[in-house]
1. Pick out the one residue from A:187, A:242, A:203 that is among the β-branched types (Val, Ile, Thr), farther than 21 Å from residue A:61 by Cβ and more than 14 Å from chain B (Cβ to nearest Cβ).
2. Taking only the range B:46-92 into account, find how many residues are within 14 Å of chain A (Cβ to nearest Cβ) and on the phi > 0 side of the Ramachandran plot.
3. Can you tell me which residues in the range A:236-252 are basic (Lys, Arg) and surrounded by fewer than 24 Cβ atoms within 10 Å (Cβ to Cβ)?
4. Might you let me know whether the range B:9-20 holds any residue that is assigned to a helix (DSSP H, G or I) and surrounded by fewer than 21 Cβ atoms within 10 Å (Cβ to Cβ)?
5. Scanning the range A:105-144 for residues that are within 8 Å of another protein chain (Cβ to nearest Cβ) and hydroxyl-bearing (Ser, Thr, Tyr), which turns out nearest to residue A:254 (Cα to Cα)?
6. Would you list the helices (runs of 4 or more DSSP H) that sit entirely within the range A:265-352 and hold 2 or more residues that are within 11 Å of chain B (Cβ to nearest Cβ)?
7. Of all residues in the range B:190-216, how many are within 15 Å of the chain's Cα centre (by Cα) and more than 18 Å from residue B:148 (Cβ to Cβ)?
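The values are calculated or read from the model by the stated rules, or taken from the named source; none is laboratory data. What you see is a predicted model; the values in this text were computed from it and never measured. Note that each Cβ is placed from the backbone with ideal geometry, even for glycine, and that neighbours are counted across all protein chains shown.
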Amino acid sequence: MPTRKLIVEYADDLVLFPDRWHKIGLVIWVSTMLAFPFVANHHWLTTGNLAMITIVGATSLMILTGFTGQISLGHAAFLAIGAYTAAVFGNRFGLPFWLILPLAGLLAALVGLCIGPFALRLEGLYLAIVTIGLLFLVNHVLLSFPQYTNGVVGIGVPVHSWFAGSDSGSMLSGFNNTSHVLGLELTFERKLYFLFLVLTLVTVAVATNIKRSASGRAMAAVRDHDVAAAVMGIDHARAKVTAFGVSSFFAGVAGAMFAFQQQYITVEPPFNMMMSIQYISIIVLGGMGTVFGAVAGAMVYTFLSPLLELIGRQLPFLSNLSSGQQSTMLFAIVVCGFLIFEPLGLFGIWLRIKRYFAGWPFRY
Amino acid sequence: METFLQLLGSGLALGAMYALIALGFVVIYRASQVFNFAQGDLLGLGAFLMVALNSAGLPWGLSLLVAMLLTGLVAAGIERAFLRPLIGRPVFVTIIITIFVGFLLRTFLVLVWGPQPYGMATPWDTSGSIDILGATVLLNAVAATVAGAIALTLFFLLIKYSRFGVAMRATASDQEAALALGIPVGRIFGATWFIAGAYAALAGIFLGMFPRSVDVNLGYIALRAFPAAVIGGLDSAAGAVIAGLALGVLEVMTQGYINPNLGHFGQNFHAVFPYVAMILFLIIRPYGLFGREEVKRV
């Protein structure tokens with residue numbers, strides 16, 4: 001098996017693909033993702049879509065919490081803003097999805113940038129609780145303008161592929177209709193899948209590049225010790241606010257994706273504290289501070305939930321609970337176990353596997 | 001004026017409960033720098049135990065004490081099983097683990113008692129009320145305020161004068177130095193969790209009384225007590241009590257005077273009001289009213 005290339009200079013540490021295996025891995029991953037919608041049935045295709053939404057959401061939280069160390073329990077607020085942007089702008093102005101996605105991100109980023117300055121003065125727990133407050137506040141605002149958001153009833157989310165009204169006359173067919181490209185049948189779900197795949201790849205690429213760039217190193221320094229970072233000449237205010245902006249942008253995009261996927265959204269559930277907690281535990285499960293962790297955690301979480309529901313149904317003493325509660329409970333146990341016994345998460349397990357094979361047949 | 005007094009009365013009763021819950025947060029935070037998100041579910045557990053013990057035939061006062069004791073023991077057990085192995089790990093780890101432990105606890109409550117609400121028995125007339133200065137105040141509210149005051153006084157006496165209280169304060173100010181002086185820091189952690197659990201049970205029992213009832217969602221009220229702990233300063237017990245009382249009164253006043261004037265936006269505005277107050281307050285004082293400003297060394 002291949003061992004790591006010798007690191008001789010700093011640039012070696014920054015290369016995207018340290019060796020051939022990383023490239024091969026990426027090719028395998030992308031081609032699996034491309035083939036998936038034509039293999040999977042409807043149920044698993046939906047799960048795949050949800051997985052990609054979760055990857056984008058988790059990666060955005062990873063930038064904030066994993067890279068910069070700012071704990072946010074209000075991540076669901078940014079997703080809610082994104083989702084409602086998609087719903088309101090789609091319904092009232094009939095904007096197409098490719099305009100709504102960046103718009104959702106920008107609106108969420110705006111709110112994130114407003115919260116950023118708080119992070120300059122607050123730390124750790126104080127920040128975590130302020131972000132819970134943000135979540136409550138955002139949900140309250142969303143519920144108190146029922147003329148736009150329909151309040152507690154919820155709102156349908158249309159997906160236009162062109163400005164509404166001219167939809168029928170345009171060259172593009174409606175997004176919801178099944179179309180055929182190169183002999184492949186593209187249903188609504190499959191179209192969403194490919195749209196999400198592009199968004200996911202972009203998010204992951206951006207996060208990876210942030211991590212290996214100067215701003216990412218500044219974030220890591222702020223996470224490890226902000227005073228020390230400031231002494232070294234790092235503008236810690238800028239690092240924190242940037243992290244908040246970028247993170248909430250992608251969270252908003254994830255929210256819009258979620259709205260497109262669900263097609264009908266309400267404020268809470270799903271955008272409650274449980275969602276924030278799920279995202280935090282996903283990145284803990286995956287491994288803090290790594291993009292790999294966000295992606296792996298999100299995929300394991302999404303594909304594990306149906307499995308956990310299945311297990312939950314088999315356990316007789318849990319029959320009092322709803323299936324959602326059962327799977328959340330089992331998930332809670334899994335996460336607690338990881339926190340206590342495997343602090344590095346899936347990333348730690350992956351490292352151990354890699355080391356084992358790198359040193360094979362020797363034990364070290 | 002009458003409305004004002006009435007609101008003040010129920011505000012103080014709510015505030016006393018907030019103060020008790022916030023004190024639970026602060027006690028644990030001071031000793032071990034852990035913010036216990038499971039506090040709300042301990043509160044629910046206490047209330048359910050009280051209902052169960054009371055219906056099993058125990059006299060009211062005794063079942064109150066036993067419920068507090070049992071909840072305290074559960075809290076100490078949680079500390080031993082889940083949080084002791086995590087000492088020295090980053091903040092978010094303890095946040096997540098307490099949230100999930102709270103979730104497991106709530107699941108346990110659903111499994112044992114089911115989702116339906118229970119009424120909380122009281123030795124006095126449950127829906128009775130008395131007139132104070134022309135305002136009608138529920139007996140339950142009076143009892144809650146009195147019980148809160150007694151519990152808080154006891155806590156401050158314990159902290160100030162007992163040997164154990166000194167040990168607790170020593171642990172709070174420097175764990176390693178306390179350990180070097182022979183203070184059993186691990187046992188202090190257990191004891192602080194015990195106190196926090198017992199106080200959570202007390203708060204839960206009084207919160208479960210008329211006009212509310214005991215159900216699995218009782219614990220969500222702890223979410224509303226976060227701001228009290230934060231505004232008071234996470235490591236100041238006195239701050240938690242003052243901020244808890246103030247927020248309780250302000251919340252009820254908001255509900256009475258501000259909500260009706262905000263139109264649609266005012267609906268349930270009092271529920272988010274503590275958070276709005278907290279965010280505004282933290283702009284001015286990032287460490288709360290009496291919180292110690294952390295001095296960082298590089």
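1. Of A:187, A:242, A:203, the one residue that is among the β-branched types (Val, Ile, Thr), farther than 21 Å from residue A:61 by Cβ and more than 14 Å from chain B (Cβ to nearest Cβ) is A:187.
2. Counting residues in the range B:46-92 that are within 14 Å of chain A (Cβ to nearest Cβ) and on the phi > 0 side of the Ramachandran plot gives 1.
3. A:238
4. no
5. A:144
6. A:273-286, A:323-341
7. 3
Let's see how each residue does on (1) of a type in the set (A, V, I, L, M); (2) over 21 Å from the mean Cα position of the chain (by Cα):
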position	(1), (2)
A:9	no, yes
A:14	yes, yes
A:22	no, yes
A:55	yes, no
A:61	yes, no
